[in-house]
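The values are calculated or read from the model by the stated rules, or taken from the named source; none is laboratory data. Every value quoted in this text rests on a predicted model; they were computed, and no experiment measured them. All Cβ positions, glycine included, derive from the backbone under ideal geometry; neighbour counts span all protein chains shown. Areas reflect the complete protein model, heavy atoms only, side chains present, ligands, DNA and RNA absent. Shrake-Rupley method; radii C 1.70, N 1.55, O 1.52, S 1.80 Å.
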Amino acid sequence: VASVGFYGVRGSCPCSDSAVRKYGGSTASVAIEPGGDAAPVLLDLGTGCRPLGEDILGRYFPCQPLAAGAEPHAEPLDEIPPHPHLDQPALELSAFVTHLHFDHVQGLPFFGPGLRPDVRLTIHGPMQEGGLAAAFCRFVQPPYFPVGVEELPAEIRFRELEDGEAVDLGGVTITGREIPHIGRTLGYRVQVGASAVAYLGDHQAPHADGKVLSTVAASVLDLAGGAEVLIHDAQYTDEEFAVKAHWGHSTIAYAVEVARQAGVKRLVLFHHDPTHDDDWLDRLGDAAAHLAGAGPLEVIMASEGLKLELSADPARERRLATSGSRLTT
Ligand SMILES: [Zn+2]
Ligand SMILES: [Zn+2]
């Protein structure tokens, strides 16, 4: 059965404290599991993709230590050797980043499968000045990190997506749309069989005089319309938003409004503020459930380790069971 796994649900900055243990402190990382033996589709590469990488290694390479020589070099190389392009990688992974703020990309150098020479990882993301690859290479290099992206043993490729572009991964289709935030930012709709998951990790709510308006951008409704699951920025309370209205985020009330207008079934409140401890998030969850009322909308607080099963599509399950093929781009 297809599912959505949450590995990092925090926004802005990772946090670690006994008071945030219930919801977790790693930043944005979500995995869509298409089911069967298909590889997960990664949404964002925040610090949560480190434990996700451990899971993937355990699943696809049990009891296999890293190949010798996969240890990163302590010193930067004078010349970067070209990566031998893999005809047939042992595992092919696809990641979709919404934008390049630290909390969405910082986990990449610590993503275990990136240290295996038999893995290919394609990172999709919004167009950047100078290119998406160059934007990643600027922060994964000395002096910020011991080695550059090109020196990571896996074959890592980058692909910029235009507004509205769809990527078909054989049974899973991911569509990116530009959404309001700070800098060019994509939201994604992941179609898995009959189920759609919309992912809007960071979303600037429209506002006037420090108050959130109830209008919803057309691109947002495109992504979320009729989705089974909407994962949405819910960083602030109304009071916090009043003083941080331009910081690129939404309130829990606005997330509920988007879910209602888009007609989604389950709303997952995501991108928790690092200053919100477990008790606070419990209260926000109660407040959001109250806002959603007794209608058909279910509100869920994102937490590390949360796994949501998507409603089964019998025809698709049969196809997956008989195809036995791994996901390829
Ligand atoms: Zn963020
Ligand atoms: Zn951001």
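Things worth noting here:
- Dipole magnitude for the chain: computed about the Cα centre from +1 point charges on Lys and Arg Cβ and -1 point charges on Asp and Glu Cβ, it is near 700 debye.
- Length available on full extension from His207 to Glu160: 0.36 nm per residue minus the Cα-Cα distance, which gives 13.9 nm.
- Within the range 185-220: backbone nitrogen closer than 19 Å to the Glu239 label point (7 Å, Cα to C-beta): 210-212
- The range 90-204 shape via C-alpha gyration tensor axes, a/c threshold 1.5: oblate
- Amide H to amide H, with H built 1.01 Å from N, Phe96 comes under 5 Å of Leu42, Leu43, Asp44, His124, counting only residues 5 or more places away or on other chains.
- GNM result for the chain, Cα springs below 10 Å: residue of Thr275, Thr173, Thr237 fluctuating most strongly: Thr275
- Peptides 266-272, 202-208 ordered by average Cβ neighbours within 10 Å, highest first: 266-272, 202-208
- Theoretical FRET efficiency, 1/(1+(r/R0)^6), r = Cβ-Cβ of Met127 and Cys63, R0 41 Å, to 0.05: 0.50
- Table column - 3J(HN,Hα) (Hz), the range 151-157, Karplus curve with 6.51, -1.76, 1.60, x for Gly and Pro: 8, 5, x, 5, 7, 10, 10
- Using the Cβ of His203 as centre and a radius below 12 Å, the other residues enclosed give a net charge of -3, where K and R count +1 and D and E count -1.
- Across the range 75-198, the mean sequence separation of Cα contacts (distance under 8 Å, 6 or more residues apart), normalised by length, yields a relative contact order of 24 percent.
- Thr185 long-range amide H proximity, modeled H, under 5 Å: Ile179
- Inter-part distance where the range 266-290 and the range 17-49 are each reduced to a Cα centre, Å: 17
- Taking the convex hull of the alpha carbon positions in the chain and averaging its projected area over all directions gives 17.3 nm².
- Bridge type composition, the range 157-272 - antiparallel percent by DSSP, nearest 5: 65
- Gyration tensor (alpha-carbon) shape descriptor, the range 186-246, a/c threshold 1.5: prolate
- Other residues whose C-beta falls under 10 angstrom from the C-beta of Lys265 contribute a net charge of -1, scoring Lys and Arg +1 and Asp and Glu -1.
- Net charge contributed by nearby residues that have their C-beta within less than 12 Å of Glu129 (K/R +1, D/E -1): +1
- Note, ³J(HN,Hα) from phi for the range 200-215, Karplus 6.51, -1.76, 1.60, rounded to Hz, x at Gly and Pro: 10, x, 10, 8, 6, 6, x, 8, 8, 6, x, 10, 6, 8, 9, 6
- The chain - accessible surface per residue (Å², probe 1.4 Å): 43
- Considering only the chain, percent of DSSP beta bridges that pair antiparallel, nearest 5: 45
- Crossing angle, helix 49-60 versus the chain [Cα axis fit, 0-90 degrees, rounded to tens]: 60
- Heavy-atom surface analysis with a 1.4 Å probe gives the chain a carbon and sulfur content of 53 percent of its accessible area.
- Share of Cα-Cα pairs in the range 213-301 lying beyond 14 Å, as whole percent: 61
- Loop-exposed GluC sites (Glu not before Pro) per DSSP, neighbour cap 13 Cβ within 10 angstrom, longest uninterrupted part of the chain: 163-329
- Of the residues Phe96, Leu121, Ile300, the one whose Cα sits farthest toward the positive end of the charge dipole of the chain, with +1 on the Cβ of Lys and Arg and -1 on the Cβ of Asp and Glu, is Ile300.
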